[in-house]
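Below you'll find the structure, written out as structure tokens, and then a few comments.
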């Protein structure tokens, strides 16, 4: 038996891969957590020929990642003292791994049940960076997933399909995917095929379901011109209020009331003028980069996670520098970058599939069961199936 290794690296970021022979700290961390597919090859005993016999996923070591889901309070009074001790042990472990400290969430959110209560963790090696557990409740998560999948791929928002084709897709991509329709490029519309497409005839790639699965990003508000490195604010669509409320709420949990909206004409702590929705399939990556295109880098970025769990890396202002902190991010949680961390490298080297298990750590990554239960209508089955195979990252920032 002979094995060859090939990495799956579906990357959809502006940052190109670092080809330097000397690996820096951030690149090494990315390589450590990326999906590696091992292609197994069988040697025929009689002829000596080598033939492909299957594929295996090489297991990664997540012992150095920080998983805040392991540090959750309990309501049971009988287990309270034991759980508190274990929680304190976990907090100490987190500190040892990456300089993490829990800070008080804004008091308005303090009365929620313990498992739903927002918790804020300061990342001490990255000044101004915070991880927010339970930033979004189940209703908010469901509504945002629906909005990202059904509304954001539509005009006037731009997507990776618009960039690839040079023109927008016809309206109602989600409806077309659900109905099993295909792209009619000549008439720029959707059509139903009389017979199933034949393999290799090119129609499979025109299936609306295929196009929905290949959705990788959609703009929120003004799109970004990568050539001029400016936001196209003229005639840009307004940011949906649901997205803005969710991000402002996240910042309010961390910073308090100064993150809330104020009257027009006054200086705003955060206005949420532009954003981006990234769609990841299991195994996809987002190369390390810095969000530095905005004129005012003093304003924070709120980044919301929906759907599948993933590994998020946060480094320093240079890829060469340590430390690089690896976080397990889960649906309904958020990351806030402000202050110095606003210009630190960050990326996503790994997205886990639903039910993926790491045998070495006995850790299983899942789409949240409680969130799955929130999709209770028959009409939501198609949307739920898409969500269970996808991680959506929804970020919002200020341009000015």
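Every number in this text was worked out from the coordinates using simple rules, so none of it is lab data. What you are looking at is a predicted structure, and each value in this text was computed from that prediction instead of being measured. Note: ideal-geometry Cβ built from the backbone for every residue, glycine included; neighbour counts use all protein chains shown.
Evaluating kT/(6 pi eta Rh) at 10 °C and 1.306 mPa s, with the Kirkwood radius of the stretch 160-213 over Cα pairs in the Stokes-Einstein relation, gives 140 µm² s⁻¹. Normalised by the residues of the stretch 211-351, what does the relative contact order come to in percent, with Cα pairs under 8 Å and at least six apart? Once normalised by length, the contact order is 25 percent.
Applying 1/(1 + (r/R0)^6) with r as the Cβ-Cβ distance of residue 184 and residue 228 and R0 = 35 angstrom yields a FRET efficiency of 0.55.
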